[in-house]
Amino acid sequence: MEAPFPPAWEEILQHNVTHYLLLTDTERAHLRKLIQVFIVEKRWEGCGGLILNDEIRVTISAQACLLILGIPHNYYENVESIIVYPSTVIPPEYKPGFFENVLEPIELSHPIVGQAFKQGEIILVWDAALHDSLHPELGYNVVYHEFAHKLDMLDGAADGTPPLSNRKEYHHWVKICSRAYLNLCREVDKGKNTFLDAYGALNEAEFFAVATEHFFARPREMKSRMTDLYRVLQEYYRQDPARREGRNNRHV
Ligand SMILES: [Zn+2]
């Protein structure tokens, strides 16, 4: 932690991590410290022919560490390794043998841009991680999404509720999140266009991950459209990205 932050890494942050530009000098310094520890503590693995480099490690670490900038943390103790593929991973399709009786339709292979496992691995796709970092206005962010799952899993359960500080906070969390989740499910059922991605209606864990993406990527819009949910996340993350975004917009 005593080592100075490499100037080349600072350049990567300035180029690749849009949210970094919204931070105050103090927040930037804090984030840089987290990145330095995070990069060394985790096992990084390139897959599918990807050769890992500092650009990849710094860009991913910055987004992961942004989530824990305000909360007590242990550098995602439940993340041991980060496995990075160059681009969207499509799992191989299952092909039945000639005489095999296929009773159920074979599930189509879904493209994967990220996955968080309970065992301590995170799979990410580099082109998506970089694209989302550069384009917060789209509201998607695979790194926020997968690391939000890991925060959720810190108490052992992927149920959409990360560990909170007291009963009152739990009570409030459940009340606000349940209401917002059920609303999203209803709107998705009706085929309406929703602010949060429809994927969040899959279950409570996905709801928290998708809400986290929007909280950091499109905070001002989220605050005005889903104020209660925004405030609950603000309390949990102990950050106010909407204020950050507003402050920055005044300067440009
Ligand atoms: Zn997910």
Study note, to complete from the structure: In the chain, lysine pairs 8 or more places apart or on different chains with C-alpha atoms under 25 Å apart total 14
Study note, to complete from the structure: Between Thr88 and Asn249, the two model label points (7 Å from Cα along the beta-carbon direction) sit apart by a distance in nm of 3.1 nm
Practice item. Could I have the simple spin-label model distance between His15 and Arg167, label points 7 Å from Cα toward Cβ, reported in nm to one decimal? Key: 5.4 nm
Review point. Where is the GNM fluctuation largest for the chain (alpha-carbon springs, 10 angstrom cutoff): Val113, Val37, Val84?
Key: Val37
**Study point:** For the chain, the longest site-free run once trypsin sites (Lys or Arg not before Pro) in DSSP loop states with at most 10 other Cβ atoms within 10 Å are removed
**Key:** 1-189
Exercise for review: Normalise the Cα radius of gyration of the stretch 147-186 by 2.2 N^0.38 Å (N = residues in it) and let me know the number.
Suggested key: 1.22
**Study point:** Amide H partners (placed H, <5 Å) of Gly46, local residues excluded
**Key:** Leu52, Val84
Point to revise | Leading residue at positive end of dipole, the chain (Cβ point charges), from His131, Leu67, Thr26 | key: Thr26
Point to revise | GNM top mover of Leu151, Leu67, Leu138 - the chain, alpha-carbon springs below 10 Å | key: Leu138
Check your understanding: ³J(HN,Hα) across the stretch 8-14 via Karplus (A = 6.51, B = -1.76, C = 1.60, θ = phi - 60°), whole Hz, x for Gly/Pro?
Key -> 5, 5, 4, 5, 4, 4, 4
Practice item. Pop out the ³J(HN,Hα) list for the stretch 130-136 in order, Karplus 6.51 cos²θ - 1.76 cosθ + 1.60 with θ = phi - 60°, rounded to Hz; leave Gly and Pro as x. Key: 6, 4, 5, 5, 7, 10, x
Practice item. Would you mind finding the longest exposed-site-free stretch of the chain, with exposed GluC sites (Glu not before Pro) meaning DSSP loop and at most 15 other Cβ atoms within 10 Å? Key: 108-252
Exercise for review: May I ask for the net charge around Leu50, where only other residues with Cβ less than 12 Å from the Cβ of Leu50 are counted and Lys, Arg are +1 while Asp, Glu are -1?
Suggested key: -2
Review point. Summing -39500 (n - 2.57) over the DSSP H runs of n ≥ 4 in the chain and dividing by its residue number, what mean residue ellipticity at 222 nm do you reach, to the nearest 500 deg cm²/dmol?
Key: -15500 deg cm²/dmol
Review point. How large is ³J(HN,Hα) for each residue in the stretch 48-64, as worked out from phi by the Karplus curve 6.51 cos²θ - 1.76 cosθ + 1.60 (θ = phi - 60°), to whole Hz, x for Gly and Pro?
Key: x, x, 7, 9, 5, 9, 4, 4, 5, 5, 5, 5, 5, 4, 4, 6, 5
Review point. Using modelled backbone amide H atoms (1.01 Å from N, in-plane), which distant-in-sequence or interchain residues come within less than 5 Å of Val125's amide H?
Key: Tyr85
Review point. In terms of modelled amide H atoms, which long-range or inter-chain residues lie less than 5 Å from the amide H of Leu202?
Key: none
Check your understanding: Alpha carbon centre of the stretch 142-174 versus the stretch 1-44: separation in Å?
Key -> 25 Å
Revision key, fill the gap. Note on the stretch 11-82: alpha-carbon gyration tensor, axes a ≥ b ≥ c; rule is a/c under 1.5 for rounded, else prolate if a/b larger than b/c, else oblate; result oblate
Exercise for review: Return the FRET efficiency for the residue pair Cys47, Glu77: r is the Cβ-Cβ distance, R0 is 30 Å, and the value is rounded to the nearest 0.05.
Suggested key: 0.80
Point to revise | Lys192/His131 FRET efficiency (R0 22 Å; Cβ-Cβ; nearest 0.05) | key: 0.25
**Study point:** Dimensionless Rg over Rh [the stretch 102-252; C-alpha; Kirkwood]
**Key:** 0.99
Check your understanding: On the first, second and third principal axes, largest extent first, how far apart are the outermost C-alpha atoms of the chain in Å?
Key -> 65, 44, 36
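Quick note: the coordinates plus some simple rules give every number you see, no bench work behind them. As the structure is a computational prediction, the values presented were derived from the model and not from experiment. Cβ coordinates were reconstructed from backbone atoms using ideal geometry, including for glycine residues, and neighbour counts include every protein chain displayed.
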